[in-house]
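Derivation of every value follows stated rules applied to the coordinates shown; laboratory data play no part. Predicted model, so just to flag it, every value in this text is computed and none were measured. FYI the Cβ positions are ideal-geometry reconstructions off the backbone, even for glycines, and counts take in every protein chain you see.
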Amino acid sequence: MISTYFTGLTLMATLIMPIGMQNAFVLNQGIKRQHHLFVALFCSLADALFMSIGVWGGAKIFNSNPWLLMAIGILGAVFMFYYGFLCFKSAFKGGNDLAKDNASRSFKAIVLACCAFTILNPHVYIDTVVILGGFAANLTAAERPWFVFGGVSGSFIWFFGLSLLGQKLSPILSKPRNQQIIDFVIACMMWLLATYLLYYVAIN
């Protein structure tokens, strides 16, 4: 059972570690220290939910309804273009305006952003529901809880580690000029990822 646990942990880590829109958002919230631990918890619990759905049969939903991922991909691309625009706009604000803009973001706005980065990200479903769920189809009923526990552990370790890393680097990276550079990089990243999502939808 321990080997099954580490299999789940390793697979989850392999899937979520590459830099994507969700990871960039978590890291940036850590740098800004804006409810960053809540953001990490939200993303981890979402992975736990979707992985559990996938392991216990949810992958069939996407296999039998391919239009679902297409719809999610289009909505996700629209959101990322919009979020990229907001970051691009923020990148060209002055230091004082940028600080006020960061301080004015409400908890509700961050919750909505968490939902969008998670629910409108088709790769979340592909990684947790389809890939991990498909792998779990080869496991016994007794092994599946351990596999899920391992995957969930990997998610918690990664997202909280990323959030705390951002918090640790905050004294340097949260300076107005540095934050403007980060916002510009994230804007470019979001637009590239949005373009990739539309391409992915077009060829599938």
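Structure notes:
- Among 86, 142, 68 the positive-end extreme of the charge dipole of the chain (Cβ point charges): 86
- Backbone geometry of region 119-125 corresponds, through the Karplus equation with coefficients 6.51, -1.76 and 1.60 at θ = phi - 60°, to 3J(HN,Hα) couplings of 6, 9, 10, x, 5, 4, 6 Hz, x marking Gly and Pro.
- Computed helical MRE - 222 nm, the chain, DSSP H runs ≥ 4 contributing -39500 (n - 2.57), nearest 500: -26500 deg cm²/dmol
- Enclosed volume per residue, in Å³, of the convex hull spanned by Cα atoms of region 118-204: 102
- Reach of residue 93 by Cα under 30 Å, taken over lysines that are not fewer than 8 positions away in the same chain: 32, 108, 168, 175
- Within the set (i) 123; (ii) 104; (iii) 190, the number that volume of the Cα convex hull per residue in Å³ takes when calculated for this structure is listed as (ii).
- Dipole magnitude of region 2-203 about its Cα centre (Cβ charges: Lys, Arg +1; Asp, Glu -1), debye to nearest 20: 580
- Sequence-ordered 3J(HN,Hα) estimates for region 184-194 from the Karplus curve with 6.51, -1.76 and 1.60 and θ = phi - 60° stand at 5, 5, 5, 4, 4, 5, 4, 5, 5, 5, 5 Hz, glycine and proline given as x.
- Summed side-chain charge close to residue 170 - residues other than residue 170 whose Cβ falls under 14 Å, Lys, Arg +1, Asp, Glu -1: +4
- Rel. contact order, % - alpha carbon contacts under 8 angstrom, at least six apart, the chain: 50
- Measuring between their Cα centroids, region 136-193 and region 1-80 lie 9 Å from each other.
- In order through region 65-79: 3J(HN,Hα) via Karplus (6.51 cos²θ - 1.76 cosθ + 1.60), integer Hz, x for Gly, Pro: 10, x, 5, 4, 5, 5, 5, 4, x, 5, 4, x, 5, 4, 4
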